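Values in this text are rule-based calculations from the coordinates and carry no lab data. Small disclaimer: the values here were computed from a predicted structure and weren't measured. We place every Cβ from the backbone using ideal geometry, glycine too, and count neighbours over all the protein chains shown.
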Amino acid sequence: MSKHVVVIGAGVAGLEAAGRLSKAGFYVSLLEKEVKTGGHLNDWYKLFPDRRNSSEVKHYLDKLTLNDGIKILSGTTIEKFSKRKSHFSIITDKGNEIIADAVVVATGFDLFKSARKEEYGYGIYDNVITSAELEGMFRNDKIALCNGKIPGAIGIVHCVGSRDEKVGNLYCSKLCCVTAVKQAIEICEHLPESKVFCFYMDMRMGGAHYEELYREAQEKWGVNFIRGKVSEAGETINNRLVIKVEDTLAGRPLKMELDMLVLMAGMEMSDGGKKIAGISGLNTGENRFFSAADPHYGSNISNIKGVFYAGTCTAPMNITETISHARAAVSEVMDYLKDVN
Amino acid sequence: MQFDPFVIPFNIGLYFILFYVVFRCVIWFRGLSRPDKLRLQRGFFGNAFVLSLKEIFLESLLHKKILKTNIRLGYMHMSLAFGWFLLIFFGTIEADIFGTKHLNAPYKAIFFRYFNPEHGRMGFEAAYGFLMDLILAFILSGLILAISKRFYSRVVGMKKTTKLKLSDKIALTSLWLIFPSRLLAESFTSGTYGNGSFLTGTLGSWLASFLPAQQMAYPFWLLYSLSLGTFFVLLPVTRYMHIPAELFLIFMRNCGIKTGDKSGTYTEVQTYSCSSCGICIDACQLNFSAGITNIQPAYLMKAIRNNDDVSEIANNCLLCGRCDQKCPVGIELSPIRMIQRRVGDNENVFTNIYKGYFRKRLHNIPEKSNGQLSYNFLPVTDPEKVDVLYFAGCMTHLTPSIKNSMVKILDASGVKYKFIDEQGGVCCGRPLMLAGMDKEARELINYNSQLFWKSGAHTLVTSCPICYKVFKESYYLGVEVLHHSQFIKSQIEEGSLKMNFLRKKVVYHTPCDLGRGSGVYDEPRFVLKHVSRLEKSKFDDENSLCCGGSLANLKLSSGKKYKIAQDTAAELTKGNPEILATACPLCKKTLSSATETRVADISEIVAEALIVTSVKRNINKQVSSIRELANI
């Protein structure tokens, strides 16, 4: 009889893990709290650095998981989680009990809730939006202010909720810099008349072809990169935004009027993941992400034997890394189940 | 003449400590400023002296305040202090009436039973003996509590007790030995002569039944004398110096002497008056939320007395003022901490008791300023005559919903006002002052003062309790300074604000700088009751908690701040309110990240309830142009 693996979360990591486990001959249950699978992938427009359409990756994952060996339980959350000898008992919100031989946790990330940085005025001023909302505007092919007008000057704030001791997030979310560069280029493509300003602490272009994209943004599109953190945003009487920032290269304070401000919300441990950690006893680190058994050779291994991690529930990752991490989790599951009877 | 060599240790100790206390008081008196010396002299012949005697009786002997906070701890202190006092008092009378002559040397009273072993067999003598035994039993009951507290602090209802240094431990041991050795010495003597009352008599006859009582008595009288002598000799270098120091402190306080902002005699007397009772430790959120147990006032006072480096301790504090509120001795703990912050690492003005007499007083040499203001990049605001100035403050600019709500309220109130820092402003100066940088803060204070004066306004309204406190205490503006809760209350009373009742369940968090810091408790409650269903909490008013975000703590990690915020928010939202209201932008910011409950400033709730009839906008809004970079 084939072994049963439960995968929690049907985002990029969960779908990849489920697909690969099924290919390896396991019976897989894929639990997803949302109605749709795909996670954050559904929210993105084009992906960095090659700017292919996000639906292409979604299509690949859907094909991978379109398989009789995978039972997708969407709209399902977990209420109880316990280990009995070598088996896991998972009780869902509908009261069903699922017995599993191994569990892959792929609960992913939530975007930092930008209203927590009240000084940037998200939720207070109409034309302060998040990077995810800008993606939505790209998908609808309409970048406009709340009054329907086309923005002329657009500011992009890096590190919103990342590298910020005041909100308790000391870590770098890694992908906001390249997202900002990508979005700045896309704004310029959609609105050739606009001026885009990026306010950054450091430009962390640590992935393949990121640096090239950064160079393109400067040389081809004339995006202004200003080194300095925005301290606060305000509003003028004619509904424009005023930001205060220190230009640390020029060594002087700046005040600037803008039409729109885009906040590069960082990645945080998801609420779903926190709930799982609470009911299962899985260890989390100071950054609140799940903490893996070893940072070098055990990044999929948890403190509970038979429970493995895949993807951004352990740290910020891009899609390429997430897929690799999910595949690595599958190989850990196979190793583990080989020894368990 | 009745004398025995065993009394020598006691005599040495007693005369040493008497001489020392007098010597110390003379030094302290000489260290006072001239006005304070006059205050003391006037107090000595006036009401202050009588008041002090009363307070000494209630606090130094009975320990009324500790009894109120914690009855078992209070009993422990009372039985030792008041009991010992009674023992000396009635012992002296006993020696005077029943002794060989009147006006005896002190040791005759202390060791009365040794020199008068036949005394106390019947009648009045026996009744007096009963009284003396009763007092001794009273002290011993407290001593049992004190010893158990050392090993298990919860015996007296304390979560934490203070950690001791070596000299304290020796003094503590000798203190613990005093009364049991007296008990045994008197019992053996009573056992030998077959007298003594219910305690010493009973114990004595029982001991004499199987021990050679006559031979055993002398060593215990010697031990009694030795432990007394040791305790007295060590007193100046231990925390027990609080016993004489507190008497002097009470008198100084009743004469109207205050801590001020520099170190001096009064600060010194206060630090010596700390008995390390540990009540401040239990009150401190850094202890019970953040697990930091070495920075509380008891340890700060100890470190100052020991002449240790205190900068680490002094700077690791929220300055929430909870300890000031709870200190049974009434030591001005936060002002003393602020003095230590001002002194900084490079100066040791304050030296310990050995070096006290040779104290070296260092003087601050004011640095020469180059006359250049560092804030010349700010826009020059033209003087526009208004009645009311609104100063939002930096933190309010970081919580723009408060700022927007205040603009709405000010517009609706119809007062002629100007939003003075709408386009940005200079810090009020308090964060610098909290870091001990008063001189630098003065620069900001001067800038802001001139700005306020130019407008000719008679009222200054601010949204931030941090700014409010410094405007009230360190600016000399000559205008009425109001926190926005006070302004809103006055406008409600004048009838210029019309509001709906929101029917929301609200709990109010008192900000430290507004509540304990400035004594503003009622106005925010008045406003909230006016627009919502205000609920009570366990931590109202003087007993309020700090949100954890305090600017005053220069050492605390963000993780621990977050822990304090979570604990505070959890306590306040126990009754499941719809809104956790506060009156400080910093509290709002800190608490909102630590709870799922909506956190809102009073002004936001008022703005929500406001019925706006006509918008009267008095501010001349300046639209600033896009600067250099926007036009690249």
Once the in-chain neighbours fewer than 8 apart are removed, the aspartates and glutamates whose Cα is under 14 Å from residue B:439 read B:261, B:367
In peptide A:165-178, how many Cβ atoms from other protein chains are near each Cβ within 10 Å, on average? 2
Charge dipole of the range B:23-83 built from unit charges on the beta carbon (Lys, Arg +1; Asp, Glu -1), centred at mean Cα; most positive-end Cα among B:57, B:33, B:71 is B:33
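Considering only chain A, what is the antiparallel percent among its DSSP beta bridges, to the nearest 5? Please list the in-between numbers first.
Numbers: 30 of 65 bridges.
Around 45 percent of the beta bridges assigned by DSSP in chain A are antiparallel ones.
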Relative to the first principal axis of the alpha-carbon coordinates of chain B, what is the inclination of helix B:333-343, with its axis defined by its Cα atoms, in degrees from 0 to 90 and to the nearest 10? 70 degrees
Partner chain coverage, peptide B:394-406 - average Cβ within 10 angstrom: 4
Taking the Cα centre as origin and putting +1 on Lys and Arg beta-carbons and -1 on Asp and Glu beta-carbons, what dipole magnitude results for chain B, to the nearest 20 debye? 440 debye
Tensor-based shape of the range B:1-104 (alpha-carbon gyration tensor, a/c under 1.5 rounded, otherwise prolate or oblate): oblate
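Specify whether the C-alpha gyration tensor of the range A:114-267 places it in the rounded, prolate or oblate class, a ≥ b ≥ c being the square roots of the eigenvalues: rounded for a/c under 1.5, otherwise prolate if a/b is larger than b/c and oblate if not.
On the way: a/c = 1.32, a/b = 1.06, b/c = 1.25.
Verdict is rounded for the range A:114-267.
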Is the range A:1-118 best put as rounded, prolate or oblate by its Cα gyration tensor, with a ≥ b ≥ c the root eigenvalues, rounded for a/c under 1.5, and otherwise prolate when a/b is larger than b/c, oblate when not? oblate
In whole Å, what is the distance between the alpha-carbon centres of the range A:73-113 and the range B:384-431? 51 Å
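Hey, got the dipole for the range B:258-358? About the Cα centre, +1 on K and R Cβ, -1 on D and E Cβ, debye to the nearest 20? All intermediate terms of the calculation are to be shown ahead of the outcome.
Details: 10 positive and 10 negative charges, 40 e Å.
Its charge dipole is roughly 180 debye.
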Within-14-Å neighbourhood charge of residue B:473 [Cβ basis; K, R +1; D, E -1]: +3
Rounded to the nearest 5, what % of the DSSP beta bridges within the protein assembly as shown are antiparallel ones? 35 percent
Rough spin-label spacing in nm, given labels placed 7 Å along Cα→Cβ, for residue A:340 and residue B:130: 8.0 nm
Diffusion coefficient, µm² s⁻¹, Stokes-Einstein with Kirkwood Rh over alpha-carbon pairs of the protein assembly as shown at 10 °C and 1.306 mPa s: 47 µm²/s
Once the in-chain neighbours fewer than 8 apart are removed, the lysines whose Cα is under 19 Å from residue A:3 read A:23, A:71, A:83, A:85, A:305, A:338
Charges on Cβ only, +1 for Lys and Arg, -1 for Asp and Glu, centred on the Cα centroid of the range A:166-320; of A:176, A:281, A:299, which one is farthest towards the dipole's positive end? A:281
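Determine, from the Cβ-Cβ distance of residue A:115 and residue A:147 and an R0 of 22 Å, the FRET efficiency 1/(1 + (r/R0)^6), rounded to the nearest 0.05.
Values: r = 22 Å, r/R0 = 0.98.
So, using R0 = 22 Å, E works out to roughly 0.50.
Using a 10 Å cut-off on Cβ atoms, rank the peptides B:210-219, A:122-131 from the highest mean neighbour count down. Spell out each step's value before the answer.
Values: B:210-219: 14.7, A:122-131: 20.2.
Packing order, densest peptide first, comes out as A:122-131, B:210-219.
Beta carbons within 10 angstrom, averaged per residue: use that to sort the peptides A:6-13, B:385-392, B:8-15, highest first. Intermediate values should be presented prior to the final figure.
Values: A:6-13: 29.6, B:385-392: 20.9, B:8-15: 18.1.
In descending order of packing, they fall as A:6-13, B:385-392, B:8-15.
If you filter the range A:270-341 for trypsin sites (Lys or Arg not before Pro), then keep DSSP loop positions with at most 14 other Cβ within 10 Å, what is left?
Working: sites: A:274, A:275, A:288, A:305, A:327, A:338; in loops: A:288, A:305.
The qualifying sites are A:305.
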Output field shielding_mean for A:149-155 (other chain Cβ, 10 Å radius) holds 1
In the range B:213-322, if the dipole is taken from +1 on Lys/Arg beta carbons and -1 on Asp/Glu beta carbons about the Cα centre, which of B:226, B:245, B:297 is farthest to the positive end? B:245
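For the range A:114-267, what is the charge dipole size about the Cα centre, in debye to the nearest 20, if Lys and Arg each add +1 at the Cβ and Asp and Glu each add -1 at the Cβ? Spell out each step's value before the answer.
Values: 19 positive and 22 negative charges, 45 e Å.
I would put it at about 220 debye.
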How far is the Cα center of the range A:157-180 from the Cα center of the range B:134-148, in Å? 61 Å
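Where does each of B:58-66, B:460-468, A:146-154 land if you order them by average Cβ count within 10 Å, highest first? Each step should come with its number before you reach the end.
On the way: B:58-66: 18.9, B:460-468: 28.0, A:146-154: 15.3.
Final packing ranking: B:460-468, B:58-66, A:146-154.
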Express as a percent, rounded to the nearest 5, the fraction of DSSP beta bridges in chain B (both residues included) that run antiparallel. 5 percent
